[in-house]
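Trainee: Sharing a structure below in structure tokens format, with a few things to ask.
The values are calculated or read from the model by the stated rules, or taken from the named source; none is laboratory data. Bear in mind the structure is a predicted one, so any value in this text is a computation, not a measurement. When we count neighbours, we look across all protein chains shown, and the Cβ atoms used for this are built from the backbone with ideal geometry, even at glycine. Side chains are part of the model used for accessible areas, which takes the heavy atoms of the whole protein and leaves out ligands, DNA and RNA. Shrake-Rupley method; radii C 1.70, N 1.55, O 1.52, S 1.80 Å.
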Amino acid sequence: MTLVKTIDFKKLGDDRGSLVALEENDTVPFAIKRVYYIYQTESNVARGFHAHKALQQLAVCVAGKCTMFLDDGDTKAEVVMDSPTQGVLIEPMVWHEMHNFSTDCVLLVLASEHYNESDYIRDYEDFLRQVNS
Ligand code: T46
């Protein structure tokens, strides 16, 4: 299984500027139930440190830059996110962390489910046990 799955979006726009359109079950490979965005993160702060049991997510760095660290319990990978025309899929049972935020970073996340704390695995040893069972 490929750990890092990216989706390149078509850049629309004209001499007024650029535009990207995302549609559920099309550009986004699931139905979107929730949208959130992370911004004004201090550069010395890292976020995430969890996996989701069932949630599917597509993250897009619409401004600035950060690094997405992914770990499926077997393979680890890092993706520098610095393009509003590329999304990174965060699939279920993938431990993920976000590091190296630029002060202007805005990380937009499209999610397949409403917020549900019981879908989170926030302990890494617990994640390894579950992903290997
Ligand atoms: C993820 C990564 C990429 C809500 O009440 N509703 C929400 O939809 C979200 C996303 C969060 N929250 C609350 C839960 C916490 O009290 O907002 C607070 C911060 O959430 P958290 O510490 O989980 O934030 P991150 O940046 O560590 O993780 C977030 C998402 O929670 C997570 O699903 O995959 O971004």
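Trainee: Looking at the stretch 116-133, I want the residues that are in contact (Cβ under 8 Å) with a residue 12 or more places away in the chain and have a partner that is open to solvent by 70 Å² or more (accessible area, probe 1.4 Å) and assigned to a helix (DSSP H, G or I) with Cβ atoms under 7 Å, at least 6 apart or on another chain. Which pairs are those?
Mentor: Within 7 Å, the pairs are ILE121/GLN130.
Trainee: Looking at (1) farther than 15 Å from LEU107 by Cβ; (2) open to solvent by 50 Å² or more (accessible area, probe 1.4 Å), can you tell me which one VAL20 breaks?
Mentor: Tallying (1) farther than 15 Å from LEU107 by Cβ; (2) open to solvent by 50 Å² or more (accessible area, probe 1.4 Å), VAL20 fails exactly one: (1).
Trainee: Could you give every pair whose Cβ atoms fall below 8 Å, whose first residue belongs to the stretch 41-58 and is among the charged types (D, E, K, R), and whose second residue is assigned to a strand (DSSP E or B) and more than 9 Å from the ligand (Cβ to nearest atom), counting only separations of at least 6 or pairs across chains?
Mentor: From the stretch 41-58, the pairs are LYS53/ILE121.
Trainee: Look through LYS53, LYS5, LYS11, LYS33 and report the one residue that is surrounded by 11 or more Cβ atoms within 10 Å (Cβ to Cβ) and farther than 24 Å from TYR120 by Cβ.
Mentor: LYS11
Trainee: Tally up the residues in the stretch 75-115 that are surrounded by fewer than 16 Cβ atoms within 10 Å (Cβ to Cβ), touching a residue at least 24 places away in the same chain (Cβ under 8 Å) and assigned to a loop (DSSP other than H, G, I, E, B), please.
Mentor: 9
Trainee: Restricting to the stretch 56-74, name every residue that is open to solvent by 10 Å² or more (accessible area, probe 1.4 Å), within 12 Å of the ligand (Cβ to nearest atom) and out of contact with any Phe, Trp or Tyr (no Cβ under 6 Å at 6 or more places or on another chain).
Mentor: The answer is PHE69, and nothing else.
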